[in-house]
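A.B. asks: This is the structure I have questions about; it appears just below.
The values are calculated or read from the model by the stated rules, or taken from the named source; none is laboratory data. Predicted, not measured: the structure shown is a model, and the values here were computed from it. A quick note on method: Cβ atoms are made from the backbone with ideal geometry, for glycine too, and the neighbour counts reach across all protein chains shown. Each accessible area value is taken on the protein alone, full model and side chains, heavy atoms only, with ligands, DNA and RNA left out. Shrake-Rupley method; radii C 1.70, N 1.55, O 1.52, S 1.80 Å.
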Amino acid sequence: MDIVEKKYAVLLCAEDSEYVKKKYGGYFGVFVRMLGEEGEAWVVYRVANGEFPDDEEIESFDGFVITGSCNDAHGNDVWICKLMNLLKKLDSMKKKVLGICFGHQILARALGGKTGRAVSGWDMGVTTIHFSSSSKLFSSLKMPASLSIIECHRDEVKELPPKAEVIGWSEKTGIEMFKYGDHMMGIQGHPEYTKDILLHLIDRLLQRTYILDSFADEIKANLDEQEPDREAWKMLCTNFLKGRL
């Protein structure tokens, strides 16, 4: 009997920069590198450009990943509203969904939570995430009490959806991670980022005058001091998405 391969979709909410396209095959390539395993099919939907799976396609996927974005998760662009409707549908179908950064925020909003500008301003660089000791999610993987992750955001989840559980927090952000049922999880940081991607992003934000030179210099100077725990995050995200927890 033929083994049916597992199928996963990346809901791409950002425009790829030329640099990330050339070096990593776009953000889709970055996510497949982190989460993809042999015998799987990975597909990308550029939702920020209005490209969405139809109902029949949704059914065929085992899991979905929502990426970061330069857009605000509290915005009401047509594609953002359409994405929220899709996420509500995925929830009703109990599909596995992993939301990253903007993806974490839009997932919380779609499920009934609230998002907005972070009171503490930008969080950029390598941040320590403390895990909730009550969450069973980490005990099965024998995770440490905290892990470092690359962050790059100025918005946050301000209020969790009903029935969601905070499973990670940092000194700067109260809801760094949340879990909703056994099928949906949001992570505010970027487990998929390398320091190289972050440095490139800092330069892009500088060009757009989103951040000041002095702030950018400070982040770059601090980047050498701490390494993100990329392998541990990879294990956590992969095991969650593929129902091994």
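A.B. asks: Conditions: (1) touching a helix residue (DSSP H, G or I) at 6+ places or on another chain (Cβ under 9 Å); (2) outside any loop (DSSP other than H, G, I, E, B); (3) surrounded by fewer than 20 Cβ atoms within 10 Å (Cβ to Cβ). THR128 meets all but one. Number of the miss?
C.D. replies: (1)
A.B. asks: Right, here's the next one. At pLDDT 95 or above, open to solvent by 60 Å² or more (accessible area, probe 1.4 Å) and either touching a helix residue (DSSP H, G or I) at 6+ places or on another chain (Cβ under 9 Å) or within 19 Å of GLY36 (Cα to Cα) (or both): is that true of ASN85 in this structure?
C.D. replies: Values: at pLDDT 95 or above: yes; open to solvent by 60 Å² or more (accessible area, probe 1.4 Å): yes; either touching a helix residue (DSSP H, G or I) at 6+ places or on another chain (Cβ under 9 Å) or within 19 Å of GLY36 (Cα to Cα) (or both): yes.
Yes; evaluated as a whole, the condition is true for this residue.
A.B. asks: Follow-up question, since we're still on this one. Does at least one position in the stretch 200-215 carry a residue that is over 20 Å from the mean Cα position of the chain (by Cα) and open to solvent by less than 50 Å² (accessible area, probe 1.4 Å)? Full working, then the answer.
C.D. replies: Filtering the stretch 200-215 down to residues over 20 Å from the mean Cα position of the chain (by Cα) leaves 203, 206-215.
Subsequent filtering for residues that are open to solvent by less than 50 Å² (accessible area, probe 1.4 Å) retains 206, 211.
For the stretch 200-215, residues over 20 Å from the mean Cα position of the chain (by Cα) and open to solvent by less than 50 Å² (accessible area, probe 1.4 Å): present.
Here is a yes/no grid of residues against (1) over 15 Å from the mean Cα position of the chain (by Cα); (2) open to solvent by 20 Å² or more (accessible area, probe 1.4 Å); (3) at pLDDT 95 or above:
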position: THR115; (1), (2), (3): no, yes, yes
position: PRO144; (1), (2), (3): yes, yes, no
position: ALA164; (1), (2), (3): yes, yes, yes
position: MET185; (1), (2), (3): no, no, yes
position: GLN188; (1), (2), (3): no, no, yes
position: GLU192; (1), (2), (3): no, no, yes
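A.B. asks: Another question about this same structure. Of everything in the stretch 21-62, what is over 24 Å from THR194 (Cα atoms) and surrounded by 13 or more Cβ atoms within 10 Å (Cβ to Cβ)? Give them in sequence order.
C.D. replies: PHE52, PRO53, GLU57, ILE58, PHE61, ASP62
A.B. asks: Same structure again: When the stretch 216-229 is examined, which residues are found to be open to solvent by less than 80 Å² (accessible area, probe 1.4 Å), part of a loop (DSSP other than H, G, I, E, B) and of a type in the set (D, E, K, R)?
C.D. replies: ASP229
A.B. asks: Look through the stretch 44-62, keep the residues that are among the aromatic types (Phe, Trp, Tyr) and part of a loop (DSSP other than H, G, I, E, B), and return whichever of them is nearest to TYR8 (Cα to Cα). First the steps, then the outcome.
C.D. replies: If we filter the stretch 44-62 for residues that are among the aromatic types (Phe, Trp, Tyr), which is where we start, we get 45, 52, 61.
This time we only want the ones that are part of a loop (DSSP other than H, G, I, E, B), so: 52, 61.
Details: PHE52: 14, PHE61: 5 Å.
My answer is PHE61.
A.B. asks: Further question on the same structure: With respect to the numbered conditions (1) open to solvent by less than 100 Å² (accessible area, probe 1.4 Å); (2) within 23 Å of ASP72 (Cα to Cα), which one is the sole condition not fulfilled by GLU18?
C.D. replies: Of (1) open to solvent by less than 100 Å² (accessible area, probe 1.4 Å); (2) within 23 Å of ASP72 (Cα to Cα), only one is false for GLU18: (1).
A.B. asks: Return the pair list, or none, for Cβ contacts closer than 7 Å from residues in the stretch 91-103 that are closer than 15 Å to PRO191 by Cβ to residues that are open to solvent by 40 Å² or more (accessible area, probe 1.4 Å), at least 6 apart or on different chains.
C.D. replies: From the stretch 91-103, the pairs are PHE102/ASN71.
A.B. asks: With the structure loaded, tell me whether SER139 is open to solvent by 20 Å² or more (accessible area, probe 1.4 Å), among the hydroxyl-bearing types (Ser, Thr, Tyr) and at pLDDT below 95 or whether it fails that test.
C.D. replies: Values: open to solvent by 20 Å² or more (accessible area, probe 1.4 Å): yes; among the hydroxyl-bearing types (Ser, Thr, Tyr): yes; at pLDDT below 95: yes.
Taking the combined requirement at face value, the residue satisfies it.
A.B. asks: Can you tell me which condition TRP169 does not meet? The list is (1) in contact with a His (Cβ under 9 Å, 6 or more places away or on another chain); (2) touching a residue at least 60 places away in the same chain (Cβ under 8 Å); (3) not small (Gly, Ala, Ser), and all the others hold.
C.D. replies: So TRP169 meets the others, but not (2).
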